[in-house]
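J.: First, the structure itself, so that you have it in front of you.
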Amino acid sequence: MWDFETDPEFQARLDWADQFITDELEPLDMVLRHPLDRTDPLREATIPKLQEQVREQGLWACHLGPELGGPGMGQVHLALLNELLGRSRCAPVVFGCQAPDSGNAEILARFGSPEQKERYLQPLLAGEIFSCFSMTEPHGGADPKVFTTSAVRKDGTWVINGEKWFSSHARWASFLIVVVVTDPDAAPYSRQSMLVVPVETPGVEILRNVGIAGQDHGDGSHAYIRFSNVEVPESAMLGSRGQAFAIAQTRLGGGRIHHCMRSVGLVRRAFDMMLERAVSRTTQGELLASKQLVQEMIAESWLQIESFRLLVLRTAWKIDQYDDYRRVRGDISAVKAMMPRVITDVAARALQVHGSLGVSEEMPFISMIAEGHHMGLADGPTEVHKLTLAKELVKSAQPAPDVFPSGHLLRRRHAAELKFASLLG
Ligand SMILES: Cc1cc2nc3c(=O)[nH]c(=O)nc-3n(C[C@H](O)[C@H](O)[C@H](O)COP(=O)(O)OP(=O)(O)OC[C@H]3O[C@@H](n4cnc5c(N)ncnc54)[C@H](O)[C@@H]3O)c2cc1C
């Protein structure tokens, strides 16, 4: 069964979200410092009230199942909602589904002890606190086998030493989920564990908050953190000892597809701006939209956006059908790998069509291009996702029967001649 329509009942909810984002969130984006910055009086005066409206609509924390206070709407509906949220910087916070809190809530729910759930998960789900996932280290992020931040047992505690890099939102977080080496002699993917560390624990030091070029303008949110003899109780371990890698895999699956759909929303904005400019600006006596090379940019952008969107929706559909992230690992890696190029290509074309205005600080295109590069690194570099996809695809391939490929024309012709021998004479 193939169906490209949204059911009317859910479409009505999407329409509400669409209007709400247009009327309330997009204007707020223009004046808000950061949606997580509780020291900003504007934030405190606006975001909680907007969150309340989202709750009243039953759209709060839509990535969660009913057991965790969400509606459990499934990935296809979630993808369609995220497409709208992608238009606004503060929308994920207002709808209670921002990274890394969404992924952290997922693993706390799945692997947390009752005490961890009460202390961290409940306030996180309620939007009362924020969290951070601290895994990447200054000397490497794509290869988890190189991490060295360690936790050693001492008198009923874990003592953490090391440094972490690009720990997003640590400056606003109440706790960090830190990946630490607890078993250096174990097999490579069983050496690390996760510890939940309150940020106020002595020895946790944010060395600096790194900003994204073209986006943060000196006020970054990706922390370079040093852990110096940080002591946490044994009960701070999340999941079993040595299980960090396996837990991290489950954490990132859902988040990646949400990011992909938000990217569709973001890139559509660039596309709409490109169209508007093309039918507004004239050169050499005719509209830009009449120039064939501009038409090519418009057509290429549409093709990229729409094919990406369909692939993301199909992946969401597969997640709903199989309910098993391992079966859709290749699909998730595919859309994650495709996303950065779609954003940077379309944003760069929109910039070009706007000429000098496009490259200026008065338009959002450079920031969108930075977002594309951001998406090519966060949650694993594009290259690694392409490797994952290729490995999944190769799994079902069969070797050729002999030195010539099974599609060798002589082989196929010979087989056909045998099949139709009586007719060929
Ligand atoms: C905006 C943003 C937010 C982030 N937030 C967090 C966070 O909250 N918590 C956290 O722990 N980390 C976070 N990260 C870090 C992110 O996970 C890492 O940047 C990523 O895993 C890559 O690690 P790296 O930067 O050390 O690059 P490296 O590991 O040094 O890799 C550099 C480059 O080498 C190439 N490469 C790497 N491996 C392979 C391979 N197997 N095959 C081919 N080429 C390869 C790729 O081109 C890659 O970009 C964030 C990053 C960004 C950009």
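The values are calculated or read from the model by the stated rules, or taken from the named source; none is laboratory data. Bear in mind that the values here come from a model prediction, so they are computed numbers and not experimental data. Positions of Cβ are backbone-derived with ideal geometry, glycine not excepted, and every protein chain shown enters the neighbour counts.
J.: For Gly96, which of the numbered conditions (1) touching a residue at least 60 places away in the same chain (Cβ under 8 Å); (2) closer than 24 Å to Ser168 by Cα fails to hold?
T.: (1)
J.: How many of the residues in region 330-343 are more than 14 Å from the ligand (Cβ to nearest atom) and under 20 Å from Ser301 (Cα atoms)?
T.: 4
Conditions (1) more than 15 Å from the ligand (Cβ to nearest atom); (2) of a type in the set (A, V, I, L, M, F, W, C), marked per residue:
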| residue | (1), (2) |
| --- | --- |
| Trp158 | yes, yes |
| Pro184 | yes, no |
| Ala187 | yes, yes |
| His222 | no, no |
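J.: Also: Of the residues Arg226, Arg251, Arg256, which is part of a helix (DSSP H, G or I), in contact (Cβ under 8 Å) with a residue 60 or more places away in the chain and in contact with a strand residue (DSSP E or B) (Cβ under 8 Å, 6 or more places away or on another chain)? Walk me through it before giving the result.
T.: On the way: Arg226 fails: part of a helix (DSSP H, G or I); Arg256 fails: in contact with a strand residue (DSSP E or B) (Cβ under 8 Å, 6 or more places away or on another chain).
Exactly one residue qualifies, and that residue is Arg251.
J.: Based on this model, can you work out whether Ala316 counts as under 16 Å from the mean Cα position of the chain (by Cα), away from the ligand (no atom under 16 Å from the Cβ), assigned by TED's automatic domain parsing to the domain that holds Gly265 and closer than 23 Å to Arg89 by Cα?
T.: Taking the combined requirement at face value, the residue satisfies it.
J.: Does Ala350 satisfy the condition of being within 16 Å of the ligand (Cβ to nearest atom) and either surrounded by 16 or more Cβ atoms within 10 Å (Cβ to Cβ) or within 30 Å of Lys318 (Cβ to Cβ) (or both)?
T.: no
J.: Right, here's the next one. Within region 164-181, identify whether any single residue is of a type outside the set (Val, Ile, Thr), on the phi < 0 side of the Ramachandran plot, over 21 Å from the mean Cα position of the chain (by Cα) and in a loop (DSSP other than H, G, I, E, B), and answer yes or no. Walk me through how you get there before you give the answer.
T.: First pass over region 164-181, keeping only residues of a type outside the set (Val, Ile, Thr): 164-176.
Subset that is on the phi < 0 side of the Ramachandran plot: 164-165, 167-168, 170-176.
Then drop every residue that is not over 21 Å from the mean Cα position of the chain (by Cα), which leaves 174.
Still in the running and in a loop (DSSP other than H, G, I, E, B): 174.
Yes: region 164-181 contains one or more residues that are of a type outside the set (Val, Ile, Thr), on the phi < 0 side of the Ramachandran plot, over 21 Å from the mean Cα position of the chain (by Cα) and in a loop (DSSP other than H, G, I, E, B).
J.: Any idea how many residues of region 230-248 are in a loop (DSSP other than H, G, I, E, B) and acidic (Asp, Glu)?
T.: Here the count works out to 0.
J.: Restricting attention to region 98-127, report how many residues are away from the ligand (no atom under 16 Å from the Cβ) and either over 20 Å from Lys49 (Cα atoms) or buried (at least 19 other Cβ atoms within 10 Å of the Cβ) (or both).
T.: Qualifying residue count for the region: 15.
J.: Please name all residue pairs, on different chains or six or more residues apart, with Cβ atoms under 7 Å, provided the first residue is in region 7-26 and is in a helix (DSSP H, G or I) and the second residue is charged (D, E, K, R).
T.: Between residues of region 7-26 that are in a helix (DSSP H, G or I) and residues that are charged (D, E, K, R), the close pairs are Ile21/Arg87; Glu26/Arg87.
J.: Return the total of residues in region 199-223 being assigned to a strand (DSSP E or B) and within 18 Å of Ala99 (Cα to Cα). Working first, answer last.
T.: The first filter runs over region 199-223 and keeps only residues assigned to a strand (DSSP E or B), leaving 204-210, 222-223.
Adding the requirement that they be within 18 Å of Ala99 (Cα to Cα) leaves 209-210, 222-223.
Summing the residues that are assigned to a strand (DSSP E or B) and within 18 Å of Ala99 (Cα to Cα) in region 199-223 gives 4.
J.: While we're looking at this one, here's another question. For region 288-300, does any single residue satisfy the condition of being under 21 Å from the mean Cα position of the chain (by Cα) and in contact (Cβ under 8 Å) with a residue 60 or more places away in the chain?
T.: The answer is no, given that none of the residues of region 288-300 is under 21 Å from the mean Cα position of the chain (by Cα) and in contact (Cβ under 8 Å) with a residue 60 or more places away in the chain.
J.: I would also like to ask the following. From the list Phe175, Phe147, pick out the single residue that is within 10 Å of the ligand (Cβ to nearest atom) and over 30 Å from Gln19 (Cα atoms).
T.: Going through Phe175, Phe147 in turn, the sole match is Phe147.
J.: Please determine, by comparing only the residues of region 160-171 that are among the polar types (S, T, N, Q) and within 15 Å of the ligand (Cβ to nearest atom), which one is farthest from Glu231 (Cα to Cα).
T.: The initial filter retains those residues of region 160-171 that are among the polar types (S, T, N, Q), namely 161, 167-168.
Okay, now just the ones that are also within 15 Å of the ligand (Cβ to nearest atom), so 167-168.
On the way: Ser167: 19, Ser168: 22 Å.
Checked region 160-171; the qualifying residue farthest from Glu231 (Cα to Cα) is Ser168.
J.: Still on this structure, I have one more. State whether one or more residues within region 159-168 are surrounded by fewer than 14 Cβ atoms within 10 Å (Cβ to Cβ) and modelled with pLDDT of 95 or more.
T.: In the first step, residues of region 159-168 are kept if they are surrounded by fewer than 14 Cβ atoms within 10 Å (Cβ to Cβ); the result is none.
No, there is no match, as no residue in region 159-168 is surrounded by fewer than 14 Cβ atoms within 10 Å (Cβ to Cβ) and modelled with pLDDT of 95 or more.
J.: Now, a different point. Going residue by residue through region 66-74, is there one that turns out to be part of a helix (DSSP H, G or I) and touching an Asp or Glu at 6+ places or on another chain (Cβ under 8 Å)?
T.: Scanning region 66-74, I find no residue that is part of a helix (DSSP H, G or I) and touching an Asp or Glu at 6+ places or on another chain (Cβ under 8 Å), so the answer is no.
J.: Which of the residues spanning region 210-239 are surrounded by 20 or more Cβ atoms within 10 Å (Cβ to Cβ) and under 30 Å from Glu362 (Cα atoms)?
T.: Within region 210-239, Ser221, His222, Ala223 meet the criteria.
J.: OK, next. Just to verify a result, which residue in region 34-57, among those that are under 23 Å from the mean Cα position of the chain (by Cα) and not in a helix (DSSP H, G or I), is farthest from Asn209 (Cα to Cα)?
T.: Per the criteria, the residue is Pro35.
J.: Looking only at region 184-226, count how many residues are among the hydrophobic types (A, V, I, L, M, F, W, C) and within 19 Å of Lys145 (Cα to Cα).
T.: Matching residues across region 184-226 total 4.
J.: Filter region 128-144 down to the residues that are within 12 Å of the ligand (Cβ to nearest atom) and not hydrophobic (A, V, I, L, M, F, W, C) and list them by number.
T.: Selection gives Ser131, Ser134, Thr136, Glu137, Pro138, His139, Gly140, Gly141, Asp143, Pro144.
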